[in-house]
1. Which net charge results when you count Lys and Arg as +1 and Asp and Glu as -1 among the other residues whose beta-carbon is under 10 Å from that of B:L373?
2. Can you give me the Cα centroid spacing of region A:240-275 and region B:359-400 in angstrom?
3. Using unit Cβ charges (K, R positive; D, E negative) and no other charged atoms, how large, in debye to the nearest 20, is the dipole of chain B about its Cα centre?
4. Distances in nm, one decimal, shortest first, from B:R209 to the same residue in every other copy, taking the label point 7 angstrom along Cα→Cβ.
5. Enumerate the lysines that A:K214 could reach by cross-link, defined here as Cα to Cα under 26 Å, with residues fewer than 8 away along the same chain left out.
6. Taking square-rooted eigenvalues a ≥ b ≥ c of the alpha carbon gyration tensor, is region A:125-240 rounded, prolate or oblate, where a/c under 1.5 means rounded and, failing that, a/b exceeding b/c means prolate?
7. Taking a label point 7 Å from Cα toward Cβ, how far is A:D134 from its twins in the other copies, in nm, shortest first?
8. Compute the FRET efficiency between B:A107 and B:E202 as 1/(1 + (r/R0)^6), taking r as their Cβ-Cβ distance and R0 = 30 Å, and round to the nearest 0.05.
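Please treat every number below as a calculation from the coordinates, not as lab data. As the structure is a computational prediction, the values presented were derived from the model and not from experiment. All Cβ positions, glycine included, derive from the backbone under ideal geometry; neighbour counts span all protein chains shown.
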2 protein chains.
Amino acid sequence: MAVGQQLFPTMYPVSGFKLGTTCAGIKSADRPDLVVMELAEGSTVAALFTQNAFCAAPVRLCKDHLSTESPRYLVVNTGNANAGTGAQGMNDAEQTCSALATLAGVAVNAVLPFSTGVIGEPLPMQPLLAGLPDAYHNLSEHGWADAAQGILTTDTRPKGSSLQYGDQPITITGISKGSGMIKPNMATMLAYIATDALVDAELLHVALRQVCDKSFNRITVDSDTSTNDSVVLIATGASGVVVDEGNFDQFVTHLQSVFVDLAQAIIRDGEGASKFVSVSVNGALDQDEALRTAFTVAESPLVKTALFASDPNWGRILAAVGRADIDQLEIDQVQIWLNSVLIVDAGARAPSYTEELGQQAMAADDIEIKINLNRGAAEDTVWTTDFSYDYVRINAEYRT
Amino acid sequence: MAVGQQLFPTMYPVSGFKLGTTCAGIKSADRPDLVVMELAEGSTVAALFTQNAFCAAPVRLCKDHLSTESPRYLVVNTGNANAGTGAQGMNDAEQTCSALATLAGVAVNAVLPFSTGVIGEPLPMQPLLAGLPDAYHNLSEHGWADAAQGILTTDTRPKGSSLQYGDQPITITGISKGSGMIKPNMATMLAYIATDALVDAELLHVALRQVCDKSFNRITVDSDTSTNDSVVLIATGASGVVVDEGNFDQFVTHLQSVFVDLAQAIIRDGEGASKFVSVSVNGALDQDEALRTAFTVAESPLVKTALFASDPNWGRILAAVGRADIDQLEIDQVQIWLNSVLIVDAGARAPSYTEELGQQAMAADDIEIKINLNRGAAEDTVWTTDFSYDYVRINAEYRT
């Protein structure tokens, strides 16, 4: 299940960045599951990783390699997360990098490894290593659509976003994957975004943090942060157009558009999702209060099951706001809307509200829950899904 | 669905405490839904209430009445929570107290009101007021079993616990209700416990806080704290046996046994529950760290769906521990057991672990997840359930 239709967009190639995909048979046969990406020499790279203490072996190795060498290749497998695998997991991730480095004639530290899939099982090295030459052989600037398929797990569709802007055009193109165990903390499950702008590494990091905080760090399917979250932003510089302080804001605006597309695509394809839900909180005392309230509502199992049932059970939204640990909340000030329908006013059912209006608002695929605390000027928004039978089915059957 | 069989126990009457129940037709006809309780003059009372900011009208009125008068009567309705009902809700709660006060010939402030059920709909005053005389007429020291039925909502069975101890016996008897929207914060949905011990009000409060922290404040079905949580402990003193500092610990030990019974009964009857799960964390740096880790695992939707599937997917437990915000966690020190089976050692799958052993442990109705962080001496335990199709069904259909 997924919310609405979503056509895979036209993907503008990014000069200096290639992707190659193959079916290596890591977990199951005949599905794309191994992706290699090549960065032109001189590319700058910014990356953010999960803050889960049990971060996977490839995440640990990525951090290590990034601190010593400029990346030239990325290698991504799906079907196995290589997480909770101890010393063997580190060896396997190193061996993967080493094999690709040999193929490509670069230093082993110039390769960054990524894995996604089931946690706690050894990485099947034999098919992975056997598949590398084919993925490497397939490298192409037109490889985005195949790569978008090659990184999926329980996702039901590939996720991409691409745009060009400016007179001397800059291209920004990216892919993401993720469907469950989604509450990214500094990054999503996996996302790779490339641009041909010329951006120095420091500025690229600033841009990445800024747009992640308004995209991947604002989504939740099930409040579970994964062990493998990684997002990588690559600037090849091949367009020759320099991004510096003068045009940085313009760059960030367009970059954020691609990031928000990719983050929202993860929610629309959330495990068992039948609704796409924006939870917006304004009138908060500070940003932290706005965000905490939004996440408390977005993660409430009772709100999420009511959304699945298209039931305007606003009492559950109100109860979630009430437990969001808001100091000295004056409940008589709180207002709540479902789309444009005012459902709670002065802390109780709005006089103008009728069950019919609530039902109409809930019938849509896309729903906005808007909460005004009326006590300050801070606001924030997070995106989430409903909780359905299919969420339980998918996660009860995941390993079988 | 509920975990295992649970026979309603023999309930020892508490001298000086009576309960009367009737079918008032508040939400549906022909089910017990209105309960009156009478406390002998001179009884002491301790109560704890939800910390949800949107506490219901009856909770607000209880606090007000408790501050002005010694309670002589409690009145509990099910079928409607009288929460999110604004000024009208306060009027309705006051009118309920007033009607019972007139019947019984006491001051209105000597009556404490309690409501549980759907949030945000006006309390149906007509059937409630019409039912009061019958409930009052039925008052009896043998009314525990009927009252246990009369306070239920989505519960599938009544919850009671009762014991006597000591040479000059002290009796402790109590009932509770709750099945969804369960993460009590200072109290559970509703619980009423009475004893015939003679305990002064201050000491009774100390006892209540102490045992709540080891019972109702250690359970979670769905991490949603209700608007109506209330627990009331009554000491009639009718046994003549004084509880003071000398025998306080003995009293608390027995009181805690009743409280833990009632709290665990709520989990065993949790919405859609097919498992009863203890999550124990030891080796933590401090109590807060132990409790936070236990709740993070107990509330993880991915851990809970794996429990429903009887799938020993220990990677999800490990991922939940990893996001529990433990400062400087050394993942190589972490050990995890399913019952007596060591599944994670040194932060990875234990060498002795086999999928068969995991399956065997998961097949039971009662499961203990034991996590040793191996970095300190603090420990804590919480109780929870799995996440099933029935949880979604019950909460998607609740208002229909």
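1. Details: positive: B:R375; negative: B:E289, B:E330, B:E379.
Neighbour charge sum, excluding B:L373 itself: -2.
2. 37 Å
3. Working: 24 positive and 47 negative charges, 146 e Å.
Once rounded to the nearest 20, the dipole reads 700 debye.
4. Distances to the matching label points in the other copies: 4.2 nm.
5. A:K63, A:K159, A:K177, A:K183, A:K275, A:K304, A:K370
6. Numbers: a/c = 1.86, a/b = 1.10, b/c = 1.68.
It comes out oblate by the Cα gyration axes.
7. Listed shortest first, these distances are 7.4 nm.
8. Details: r = 23 Å, r/R0 = 0.76.
The value I calculate is 0.85.
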